[in-house]
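First up is the structure itself, then whatever we jot down about it.
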């Protein structure tokens, strides 16, 4: 599995408030790939995502009260086959498979594993996002 | 405050186990700046840190049981003055100051703020780490 962390998503209770804080308050720019359901911000080659905490837990198949810390990490890769391979490598290394890879509602393909402390990692193929040669997500402006 | 996320630190309960998982298992390379107390891994221009969860909470002046999710985010900047300025900007934007900027035991200077959901951000100047022109941490190999 390549050493890549491409997206950090923060679970939030009020997306509008979080967008005001990060974008209006700190002056960070929401990518045009953001909408009323999710916000993506390029924070120097890694993507900061803001997403409702309950939906984030649900996406990772975690129960909000089960010790879910409210943050997910993600590695974006270039194909469905790479998603499968990375998840297999993680499980072989001792990770717990949280969610087998499957097509997603947003048109991509992803699955989740948990590291030894339960930190959830998504491995995702997003056909709408470009990756640069270093494997970083290039968000639209 | 510049849009930069330079380090994600995962709080872990057994650092040796986590190092085995990420480095031996996944094959990711621990930087030579790692030691028996902390592990740093370059994950594509952003740094993944592994650090005992209780000490991570303590560093951010958070109580482990207080809703701390076990993850901290950090923005590394180039000087003490930039730490002060970024923390001031965050508080002006509505962040809660968790820990005023101060000299640290590891020879740097840092402080913490919490975003509207309590996600802790450290703003740090580490005189031992180089930042590239994009503001990314360049870890030693």
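The values are calculated or read from the model by the stated rules, or taken from the named source; none is laboratory data. What you are looking at is a predicted structure, and each value in this text was computed from that prediction instead of being measured. Here the Cβ positions follow ideal geometry from the backbone for every residue, glycine too, while neighbour counts run over all protein chains shown.
Things to note:
- Within segment A:26-41, residues that are loosely packed, with under 12 Cβ neighbours inside 10 Å sit with their Cβ atoms under 7 Å from residues that are not in a strand (DSSP E or B), at 6+ positions apart or across chains, in these pairs: A:32/A:140; A:32/A:141.
- When the criteria are applied in full, residue B:108 fails the requirement of being surrounded by fewer than 20 Cβ atoms within 10 Å (Cβ to Cβ) and closer than 16 Å to residue A:22 by Cα.
- Filtered by the rule that a residue be within 7 Å of chain B (Cβ to nearest Cβ) and in a helix (DSSP H, G or I), segment A:9-52 gives A:17, A:18, A:21, A:25.
- The test for being within 13 Å of chain A (Cβ to nearest Cβ), without any contact (Cβ under 8 Å) to a residue 24 or more places away in the chain, in contact with a strand residue (DSSP E or B) (Cβ under 8 Å, 6 or more places away or on another chain) and closer than 19 Å to residue A:47 by Cα holds for residue B:138.
- Residue A:13 falls short of the stated requirement of being exposed (fewer than 15 other Cβ atoms within 10 Å of the Cβ) and closer than 26 Å to residue A:95 by Cα.
- For residue B:6: the one exception among (1) at pLDDT below 95; (2) within 10 Å of chain A (Cβ to nearest Cβ); (3) buried (at least 20 other Cβ atoms within 10 Å of the Cβ): (1)
- Among the conditions (1) in contact with a helix residue (DSSP H, G or I) (Cβ under 9 Å, 6 or more places away or on another chain); (2) in contact (Cβ under 8 Å) with a residue 12 or more places away in the chain, the only one that residue A:15 does not satisfy is (1).
- Residues being surrounded by fewer than 17 Cβ atoms within 10 Å (Cβ to Cβ) and within 13 Å of chain B (Cβ to nearest Cβ) - total across segment A:53-87: 6
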